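The structure appears right after this line, and notes come after that.
The values are calculated or read from the model by the stated rules, or taken from the named source; none is laboratory data. The model shown is predicted, which means the values in this text are computed figures rather than measured ones. Here the Cβ positions follow ideal geometry from the backbone for every residue, glycine too, while neighbour counts run over all protein chains shown.
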Amino acid sequence: MALITNSAGLDFLAIVIVVSIGVVTFIKWRFQYWAKLNVPYIQPTIPFGTLGNLLWSANTLGVTVGHQYKEGKKKGYKHLGLFTLNLPLYMPIDLDIIKSIMSKDFNYFTDRGFYFNEKDDPLSAHLFSLEGEKWKSLRSKLTPTFTSGKMKIMFETQVDCAKQLVAALDYAIAKRKPVNIKNYSSSYTIDVIGACVFGINCNSFKNPGNDFQKHGKRIGVQTTCEMLKFFAAFSNPSVARSLGIGVFPKETTDFFMNIIKETVAFREKTNEIRKDFLQVLIELKNGAGYYEGGRENHLTIKELAAQSLLFFFAGYDTSSTTMSFALYELSENPDVQEQVREEINSFYDNHDGNITYENIKEMTYLNQVIEETLRKYPPLPMLNRKCVSNYKVPNCNLTIEKGTNVIIPLCGLHYDPEYFPNPEKFDPERFSSENKKNIIPFSYMPFGEGPRLCIGMRFGLMQTLIGLSLLLKNFKFSLNDKTKVPLQMSSLSIVLSVVGDIWLNVEKV
């Protein structure tokens, strides 16, 4: 029945036009947010704001934000205003402001602001995304997982996995074909995480494409549609939750939930106790819990699975990516590769071919190589925080409103020539004992900084160090023509990753 005109079709068209005008007017009003606060900002476009072109961009979000940091700093700005859809984002440029947000005034920025939906996608409610008191209490309970004693227990398992990596490459180079190095580094880290987190032997080199590998890749790489859904949920979390929008694909959620349920049920039935991450979570489920709202809670099986999924993905993807980028840079810089190999050979000679938790720290130059790799290729190229209470920015006439999301541009900081001269050059000497003390605090943060520093940092560095030491002891690496130089970063990957993969020539030393 026509209400406005004599035609139902025209009525519908009129309603669409009126609603569209209303939406556009609202978005334009929102786009004045930073101008009203006298904050310089990147001009947004409807409907996606400042960052919308990323859906079709050749660059990842973090790299694009790094470019915006560079342009803002050139103009002498202390900060920039950005938008994702119609949501304002605050990006500090001044290092003193960054330090205040990350550490000094952390109590105003305790949350990351990442979208999670505990009801419809319980595995999304993990430590990385959790907020407030629940995050604080759970983190304190999980921190003992990565003490020196626990790390030492896991060390031999990581060495065994690295030896399997060497054996797999031995077999591969016999075919005299270039190697997709990410396939090998990710198989190694999946085996490490499978054993140290779940107590499961994934055996990825003999069983390539296993379920852990399949779902690990599925989490790390998103489709354009999924990326758009992510931006929408990030911009309007309450609406997204009301619509039941999750974070992870259902098949991935089901896989990890089933693995956890079966493993936990078996251990509880048999009273089996293992010295792995899952055992710590089982104890939080059955014994000492975490505190929220002044009362003790115990992990549910869904919460337990969420933490397991986080440590699986974070430990597998970030470390394998770092190993791949390190070997790429060493292939591009053969003099550096030879220098680090000399250190490694000397190390193994001095210790009768044995690597232990106590002596691994002696490979200082290899550690410098890893640190420089993390500077050029931070796994998460930007850090996120959310303002939880109105905050007066130091030395600025600006108050950040409660609920405002903040992004810290790691790629911008790590490539800032003020902090790292000639930033495009791969130079491990930046992190020598003599030079490292000159690095300005908060200009280098590959694992974050402050109370939300990555809880698994030491574990990730350890498995990377072990894997690279055995690879460089046994093999020499050089670039294959299949690798596209300069590297192009994927815009659809959560962790910094390459389009087209890194292909290397590998020969026995």
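Within segment 453-509, being among the charged types (D, E, K, R), at pLDDT 95 or above and in contact with a helix residue (DSSP H, G or I) (Cβ under 9 Å, 6 or more places away or on another chain) holds for 473, 476, 507, 508. Would a scan of segment 163-186 turn up a residue that is at pLDDT 90 or above, surrounded by 19 or more Cβ atoms within 10 Å (Cβ to Cβ) and of a type in the set (Val, Ile, Thr)? Yes, segment 163-186 contains at least one residue that is at pLDDT 90 or above, surrounded by 19 or more Cβ atoms within 10 Å (Cβ to Cβ) and of a type in the set (Val, Ile, Thr).
Taking segment 29-51 as the range and being loosely packed, with under 13 Cβ neighbours inside 10 Å, modelled with pLDDT of 80 or more and in a helix (DSSP H, G or I) as the test, the residues that pass are 35, 36.
Yes or no: segment 118-130 includes at least one residue that is under 30 Å from residue 235 (Cβ atoms), within 20 Å of the chain's Cα centre (by Cα) and surrounded by fewer than 17 Cβ atoms within 10 Å (Cβ to Cβ). Taking every residue of segment 118-130 in turn, none turns out to be under 30 Å from residue 235 (Cβ atoms), within 20 Å of the chain's Cα centre (by Cα) and surrounded by fewer than 17 Cβ atoms within 10 Å (Cβ to Cβ).
Is there a residue being more than 19 Å from residue 184 (Cα to Cα), without any contact (Cβ under 8 Å) to a residue 12 or more places away in the chain and not in a strand (DSSP E or B) anywhere in segment 458-466? Checked segment 458-466: no residue is more than 19 Å from residue 184 (Cα to Cα), without any contact (Cβ under 8 Å) to a residue 12 or more places away in the chain and not in a strand (DSSP E or B). Among the residues in segment 380-400, are any of a type outside the set (Gly, Ala, Ser), in contact with a helix residue (DSSP H, G or I) (Cβ under 6 Å, 6 or more places away or on another chain) and more than 27 Å from residue 115 (Cα to Cα)? For segment 380-400, residues of a type outside the set (Gly, Ala, Ser), in contact with a helix residue (DSSP H, G or I) (Cβ under 6 Å, 6 or more places away or on another chain) and more than 27 Å from residue 115 (Cα to Cα): present. Selection of segment 214-233 for residues being modelled with pLDDT of 85 or more and either over 17 Å from the mean Cα position of the chain (by Cα) or of a type in the set (Phe, Trp, Tyr) (or both) yields only 214. Any chance segment 347-364 includes a residue that's of a type in the set (S, T, N, Q) and within 30 Å of residue 483 (Cα to Cα)? Among the residues of segment 347-364, at least one is of a type in the set (S, T, N, Q) and within 30 Å of residue 483 (Cα to Cα), which makes the answer yes. Inside segment 126-185, can you point out the residues that are of a type in the set (Val, Ile, Thr) and either in a helix (DSSP H, G or I) or within 25 Å of residue 279 (Cβ to Cβ) (or both)? Those that are of a type in the set (Val, Ile, Thr) and either in a helix (DSSP H, G or I) or within 25 Å of residue 279 (Cβ to Cβ) (or both): 143, 145, 147, 153, 157, 159, 166, 173, 181.
For (1) more than 14 Å from the chain's Cα centre (by Cα); (2) surrounded by fewer than 23 Cβ atoms within 10 Å (Cβ to Cβ), each residue gets a yes or a no:
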position	(1), (2)
364	yes, yes
378	no, no
384	no, yes
389	yes, yes
394	yes, yes
398	yes, yes
403	yes, yes
409	no, no
414	yes, yes
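Being under 17 Å from residue 79 (Cα atoms) and basic (Lys, Arg), is that true of even one residue in segment 358-372? No, that holds for no residue.
Scanning segment 3-25 for any residue that is at pLDDT 95 or above and among the hydroxyl-bearing types (Ser, Thr, Tyr) turns up nothing. Considering segment 93-117, and only residues there that are part of a loop (DSSP other than H, G, I, E, B) and of a type in the set (Phe, Trp, Tyr), the residue that is surrounded by the most Cβ atoms within 10 Å (Cβ to Cβ) turns out to be 109. When 400, 440, 455 are checked against the criterion of being touching a residue at least 24 places away in the same chain (Cβ under 8 Å) and touching a strand residue (DSSP E or B) at 6+ places or on another chain (Cβ under 9 Å), a single residue qualifies: 400.
Cβ-Cβ contacts under 6 Å between residues 6 or more apart (or on different chains), taken from a first residue in segment 124-142 that is over 14 Å from residue 298 (Cα atoms) to a second residue that is among the β-branched types (Val, Ile, Thr) and crowded, with 20+ Cβ neighbours inside 10 Å, are listed as 124/247.
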